[in-house]
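Each value in this text was obtained by applying a stated rule to the coordinates, not by laboratory testing. On a predicted model such as this, the values are computed, not experimentally measured, just so you know. Note that we place each Cβ from the backbone using ideal geometry, even for glycine, and neighbour counts take in every protein chain shown.
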Amino acid sequence: MSGDTRRPWLARSDRKAAAGVFAIALAAHVATALLGVSSAKISLSSLGVYFDGNLYLEIARSFPLPYSPQGPDYLGQAPLYPALIHVLRLLTPDAPFDWGLLALLASWLPAALAAVAFFALCRELGMDPFWPSVAFALANPRWMTIAASPHPESLAMLFTLLALNASLRGALPASMIALSLAGLARFPSLLIGAPIAFGALYVRRSFDLRTLATLALPVLAFGLFNLYLALRVPGFGGVMATHQVFWVTAWTWPFASLVENALPWWRSGNGLYFAITYTTLAFYLATCVLGLRSLPREQWVLPLTIAVIVLFHACLSGAPATWDFTRLAILAWPAALLIFWKVALSHVPVAAVAALCAGLGIYALAVGQRSIREAVELQDQLLPYLPRAIERLDEDEPRWIHFGVAPGSPRIPDGASDGLGPQT
């Protein structure tokens with residue numbers, strides 16, 4: 001890359017196409033949500049409490065001093081997504097938006113902007129950006145579900161793409177600021193600091209103190225967040241320990257859980273999500289190898305991003321790590337798509353590419369609405385506090401729930417967040 005950080009991220013000639021990508025992505029995500037709630041027979045606002053939306057809404061209500069000693073089980077959730085929900089609430093005090101709709105807006109808008117950030121990243125790599133950006137928005141069924149429903153991954157994806165783009169442009173401070181924000185939206189985003197550091201230290205040979213200090217910014221941001229929680233909540237033991245309330249996991253050998261749970265999952269009869277998960281895993285691994293073999297070292301940040309994201313989540317133990325792998329590793333999606341497109345699809349006729357995007361988009365839309373319906377149905381069975389959360393969508397005061405292991409507590413069962421695993 002040229003390293004000219006003064007160049008605009010989007011040229012004037014690209015703005016109409018980028019606006020078109022934004023509109024396509026936003027329309028697809030909203031349509032998926034509408035089809036999902038129609039199929040599940042719930043209101044659109046109610047969708048804002050499903051998946052983990054109810055957790056983020058209580059945190060959003062607790063701003064401007066977020067979290068609370070009365071809600072220790074919420075401390076493992078990253079702060080930026082609920083912060084955005086709170087900001088939207090402040091910006092729309094008289095609008096007919098309750099907290100549920102705001103949670104959806106806080107997912108839809110960053111997801112659509114992420115498609116624009118992907119567009120800019122394609123330009124930075126010298127690619128014709130329109131159709132790859134449409135494919136980014138439409139072709140991954142798990143991304144379609146995430147972007148359509150209350151998930152922090154949309155915001156993490158946006159800032160991750162900005163960080164990667166800034167890194168390729170040689171704008172390391174901007175890259176680390178964006179990555180810090182990505183990490184505060186979803187903590188594992190910080191892993192991408194390793195590939196970016198490889199580019200700065202090994203490719204560009206920048207070993208000066210300023211570079212090292214800049215690379216430390218995301219870790220500093222994460223540390224300051226932990227310090228805030230330690231001061232705010234007595235007895236705080238770290239975000240990883242707190243997250244064990246919802247999913248008890250540990251480290252294991254790479255891919256051990258994905259191998260161990262493959263046959264039981266296949267036998268369960270839930271073949272759709274099984275196929276999506278293992279096809280996605282194969283795609284990520286193949287594009288990682290392809291990128292390392294075919295891209296110049298200046299662009300190795302892409303395959304190395306796939307490597308760190310996939311390897312980290314492939315080392316988590318337990319069946320939920322398998323069932324939810326495609327969401328957990330979603331930040332590998334743009335890098336994998338970029339490599340595949342750049343190497344394999346760059347010379348395919350536009351008509352064939354458009355047909356491929358349309359077909360995959362329809363498939364992802366169908367899978368997305370089904371995933372939303374099934375998650376709603378499963379969580380309605382397992383989480384008895386959700387009806388009350390739906391009734392409170394117009395209330396501004398947080399109401400903390402204890403999800404611990406005390407007798408009679410409404411602990412979220414492992415794997416209930418997305419409901420994509422085998423149903424027993």
Which of GLN369, LEU88, LEU356, positive extreme of dipole for the chain (C-beta unit charges): LEU356
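Work out the P(r) tail for segment 305-393: percent of alpha carbon pairs separated by more than 22 Å, whole number. Provide the component values of the computation, followed by the final result.
On the way: 2088 of 3916 pairs.
Counting every Cα pair in segment 305-393, those more than 22 Å apart make up 53 percent.
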Unit charges on C-beta of K, R, D, E only; dipole of the chain, Debye: 1120
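So if R0 is 35 Å, what FRET efficiency would LEU227 and ASP396 give, r being the distance between their Cβ atoms, rounded to the nearest 0.05?
Working: r = 28 Å, r/R0 = 0.79.
Efficiency, rounded to the nearest 0.05: 0.80.
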Shape category assigned to the chain from the gyration tensor of Cα positions, a/c cut at 1.5: rounded
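Once the Cα gyration tensor of segment 265-322 is found, what semi-axes does its equivalent ellipsoid get, as square roots of 5 times the eigenvalues, in whole Å, sorted largest first? Could you put the intermediate results ahead of the total?
Working: eigenvalues 153, 35, 7 Å².
For segment 265-322, the semi-axes come out at 28, 13, 6 Å.
What full-extension length gain, to one decimal in nm, is calculated for GLU298 and VAL248 as 0.36 nm per residue of separation minus the Cα-Cα distance? The partial results should precede the final answer.
Working: separation 50, 0.36 × 50 = 18.00 nm, distance 3.88 nm.
Here the segment from GLU298 to VAL248 would lengthen by 14.1 nm.
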Stretch gain in nm, segment PHE207-ALA366, where the contour uses 0.36 nm per residue and the Cα spacing is subtracted: 52.3 nm
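As a test of the definition: which semi-axes, in Å, follow for segment 247-346 when you take the square root of five times each eigenvalue of its alpha carbon gyration tensor? Largest first, please. Spell out each step's value before the answer.
Values: eigenvalues 138, 46, 18 Å².
Calculated on Cα positions only, the semi-axes equal 26, 15, 10 Å.
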Hydrodynamic radius by Kirkwood, which averages 1/r over all alpha carbon pairs of segment 144-223, in angstrom: 12.6
Phi to ³J(HN,Hα) by Karplus 6.51 cos²θ - 1.76 cosθ + 1.60 over segment 118-130, Hz, x for Gly, Pro: 5, 4, 5, 5, 4, 4, 4, 8, x, 9, 5, x, 5
Reference-scaled alpha-carbon Rg (2.2 N^0.38 Å with N residues) for segment 290-345: 1.23
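Distances longer than 13 Å among the Cα atoms of segment 109-172: what percent of all pairs is that?
The share of Cα pairs beyond 13 Å in segment 109-172 comes to 60 percent.
Treating the beta-carbon of each Lys and Arg as +1 and of each Asp and Glu as -1, no other charges, what is the dipole magnitude of segment 247-346 about its Cα centre, to the nearest 20 debye?
Charge dipole of segment 247-346: 180 debye, to the nearest 20.
Scale the Cα Rg of segment 1-103 by the rule-of-thumb value 2.2 N^0.38 Å and send over the ratio, two decimals. Before the final figure, lay out each step's value.
Numbers: Rg = 18.1 Å, N = 103, 2.2 N^0.38 = 12.8 Å.
The reported ratio for this selection is 1.42.
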Estimated inter-spin distance, PHE312 and SER346, nm [label 7 Å along Cα→Cβ]: 2.9
Helix-only [θ]222 nm of the chain, DSSP H runs n ≥ 4, -39500 (n - 2.57) each, per residue, nearest 500: -19000 deg cm²/dmol
Listed residue (VAL233, PHE187, PRO79) projecting farthest to the positive dipole end of the chain, Cβ model: PHE187
Pairs of Cα atoms farther than 20 Å apart, segment 75-140, %: 46
For peptides 210-221, 328-339, sequence by mean Cβ density within 10 Å, most packed first: 328-339, 210-221
Whole-Å distance, taken between Cα centres, linking segment 196-252 and segment 279-297: 27
